[in-house]
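K.L.:
Right, I'll just put the structure down here and ask away after.
The values are calculated or read from the model by the stated rules, or taken from the named source; none is laboratory data. What you see is a predicted model, and the numbers here were worked out from it, not measured in a lab. Glycine gets a Cβ as well: all are built from the backbone with ideal geometry, and neighbour counts include every protein chain shown. Please note that ligands, DNA and RNA were not included when accessible areas were found on the heavy atoms of the full protein model with its side chains. Shrake-Rupley method; radii C 1.70, N 1.55, O 1.52, S 1.80 Å.
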Amino acid sequence: MDQERTLLIVAVGVAVAVGCFVLWGPSTFRSKRKKGHVVGLLNLGHTCFLNTLLQALASCPNVMDWLMQHKDNKDGSLVSALQKVLHVLNGEHDSEICDPYAPTEVISALVRHNWVISPGEQDAHELIHVILETLEDEMTSSSAKNGSLSDILLPETGAQGDDVKGPCIVSKSVQNGDVKCDGDQHLSSPISRYRPIRRIRMQENDITSSLPQSVDNLPIQTQQNPSPFRGTLTSQLKCTECGFKSALRFDKFDTLSLPLPTPAKRQHTLQTLLNNFVSTEIVKDVSCSNCSKEQEKPVLTTAMKTLNFGKLPKCLCFHIVRTTWNADGSPWKREDFVDFPEFLIMDNYTHSQVQRNARKKMKNLENGDNFKEILRETEVNGNISSTTSQKQAESPSPSNAKHMYRLKAVVVHTGDINSGHFITYRKGPIKSLIRHRWFYTSDMLVRRATLCDALLSNAYMLFYEKHVIPVI
């Protein structure tokens, strides 16, 4: 009996030792790190998708500020886990920590919320939505206990007639240009949850109102402290026969999925992808309530569909959709280079600016003939060419821009569709002497980089933050 007990104790001790080695690695690879340094992260077994996203989030001060505003977090919550890990990554921890650091508390918090991360490689883009939805769950449940009248009065800005819960992936289909909130095909296997994420798709077959709403005081969502990634898109239909306009429609988003144009090219620009995303489209077989007046059956017409940004978030996250499909249905990864700037001006993509640009051009437009010419141009590709798009208006100068963003992090996926590795280029911590420096992070490896290195990388995800020009 004593021998069996001794063997059991030895076996448990060996199991614990092996587990610690697997989890934290040999101590020779870890050192005590003081404040003011970017800290690396241990790969706990195909967790580069988590490490790359944590480094990107740590580079965004607005994310840190948003998390710190939530004071009612409990031990074991995702809010408290991210607060700690992001502070560690930015070297803002209160005491010395081991570098590289093991972000086990983040994984544990997701498991407590019933997220199932299957073994193997995962997708960093899907993970950000998992994290944002979980954070929203925690913050909403906490604020519900201390709710106010505004919780009841502020409407949900999802699809009309459809209550949409959780963060939304907004993408634009390459084939038909439909705007939808949906999960894209990723570079790896998905993260699953016991309860599925609901999805919405914009309805575009009915023009029911001619009174557009105002976006000036548009509430983003019922959550009192919304995510810095939460913004809204506006869409509207206009009948080509009578000019009748639908009500302005609002849909929320947390990230923007931008497909690469077809056919494949060696190089694109981020502005080109944005122009394609918001390009005006021709939608056929639309029921127009104005044309259907005094008619026995609904009249189907052709409509122009416009898409713009209603409210831009503090943090913009772009997802470059690199997965495409062969004729036989097999997926493959595109390696097209996307040229993106350090400073991005978004003014011309907002609904208010588009309306101002349209009023300026109204005097120079020929109503009938010009529109018929546009229709002929769009018969082949289904959307208005860039030469006639209102997005071609000159961008405001940086000093006059109201919506200027600055690059904070770039997530890169190396490898093919089935396997690979995620790395991040990120800015230094905002509260440190290295805030203007760029760093290359790959799990535990952290080394100096340059802005040029980041701009020349083959981006999979881009993180921008709203930039305020200091007044001199």
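K.L.:
Quick check on the range 88-106. Is at least one of its residues more than 22 Å from Thr424 (Cα to Cα), in a helix (DSSP H, G or I) and at pLDDT 90 or above?
P.N.:
Within the range 88-106 (the criterion being more than 22 Å from Thr424 (Cα to Cα), in a helix (DSSP H, G or I) and at pLDDT 90 or above), the answer is no, since none of the residues qualifies.
K.L.:
Where residues in the range 244-282 are in a strand (DSSP E or B) and in contact with a Gly (Cβ under 9 Å, 6 or more places away or on another chain), which of them is most open to solvent (accessible area, probe 1.4 Å)?
P.N.:
Filtering the range 244-282 for residues that are in a strand (DSSP E or B) and in contact with a Gly (Cβ under 9 Å, 6 or more places away or on another chain), the one most open to solvent (accessible area, probe 1.4 Å) comes out as Ile282.
For every residue, the table says whether it meets (1) at pLDDT 85 or above; (2) outside any strand (DSSP E or B); (3) loosely packed, with under 14 Cβ neighbours inside 10 Å.
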| residue | (1), (2), (3) |
| --- | --- |
| Pro398 | no, yes, yes |
| Arg406 | yes, no, no |
| Val412 | yes, no, no |
| Pro429 | yes, yes, no |
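K.L.:
Another question, if that's okay. Is one or more of the residues making up the range 76-83 over 25 Å from the mean Cα position of the chain (by Cα), small (Gly, Ala, Ser), open to solvent by less than 80 Å² (accessible area, probe 1.4 Å) and at pLDDT 75 or above?
P.N.:
Looking through the range 76-83, at least one residue is over 25 Å from the mean Cα position of the chain (by Cα), small (Gly, Ala, Ser), open to solvent by less than 80 Å² (accessible area, probe 1.4 Å) and at pLDDT 75 or above.
K.L.:
Turning to a different aspect of this structure: Taking Thr134 as the residue in question, decide whether it is open to solvent by less than 30 Å² (accessible area, probe 1.4 Å), among the polar types (S, T, N, Q) and modelled with pLDDT of 90 or more.
P.N.:
Yes; evaluated as a whole, the condition is true for this residue.
K.L.:
Under 7 Å between Cβ atoms, at least 6 apart or on separate chains: pull out the pairs that start in the range 351-366 with a residue that is closer than 15 Å to Phe309 by Cα and end on any residue that is at pLDDT below 65 and part of a loop (DSSP other than H, G, I, E, B).
P.N.:
Here the result reads His351/Val215; Ser352/Val215; Asn357/Ala393, each pair linking the range 351-366 to a residue that is at pLDDT below 65 and part of a loop (DSSP other than H, G, I, E, B).
K.L.:
Restricting the range 228-243 to residues that are within 21 Å of Cys288 (Cβ to Cβ) and either of a type outside the set (D, E, K, R) or touching a helix residue (DSSP H, G or I) at 6+ places or on another chain (Cβ under 8 Å) (or both), which is surrounded by the most Cβ atoms within 10 Å (Cβ to Cβ)?
P.N.:
Filtering the range 228-243 for residues that are within 21 Å of Cys288 (Cβ to Cβ) and either of a type outside the set (D, E, K, R) or touching a helix residue (DSSP H, G or I) at 6+ places or on another chain (Cβ under 8 Å) (or both), the one surrounded by the most Cβ atoms within 10 Å (Cβ to Cβ) comes out as Leu237.
K.L.:
Just wondering, is there one or more residues in the range 43-62 that are buried (at least 22 other Cβ atoms within 10 Å of the Cβ) and farther than 19 Å from Leu445 by Cα?
P.N.:
Scanning the range 43-62, I find at least one residue that is buried (at least 22 other Cβ atoms within 10 Å of the Cβ) and farther than 19 Å from Leu445 by Cα, so the answer is yes.
K.L.:
Does Glu394 count as in a loop (DSSP other than H, G, I, E, B), modelled with pLDDT of 90 or more and open to solvent by 30 Å² or more (accessible area, probe 1.4 Å)?
P.N.:
Answer is no for this residue.
K.L.:
Next question. Note down all Cβ pairs under 7 Å where the first residue falls in the range 265-279 and is touching a residue at least 12 places away in the same chain (Cβ under 8 Å), the second is part of a helix (DSSP H, G or I), and they're at least six residues apart or on different chains.
P.N.:
The qualifying pairs are Leu274/Tyr349; Asn275/Lys391; Val278/Tyr349; Val278/Lys391.
K.L.:
Do we find that Leu54 is modelled with pLDDT of 95 or more, more than 22 Å from the chain's Cα centre (by Cα) and hydrophobic (A, V, I, L, M, F, W, C) in this structure?
P.N.:
In short, no.
K.L.:
Only one of (1) among the small types (Gly, Ala, Ser); (2) touching a Cys at 6+ places or on another chain (Cβ under 8 Å); (3) within 24 Å of Thr262 (Cβ to Cβ) is not met by Gly329, so which one is it?
P.N.:
So the condition that Gly329 fails would be (2).
K.L.:
Another question, then. Regarding Asp123, is this residue under 19 Å from the mean Cα position of the chain (by Cα) and surrounded by fewer than 17 Cβ atoms within 10 Å (Cβ to Cβ)?
P.N.:
For Asp123, the condition - under 19 Å from the mean Cα position of the chain (by Cα) and surrounded by fewer than 17 Cβ atoms within 10 Å (Cβ to Cβ) - is not met.
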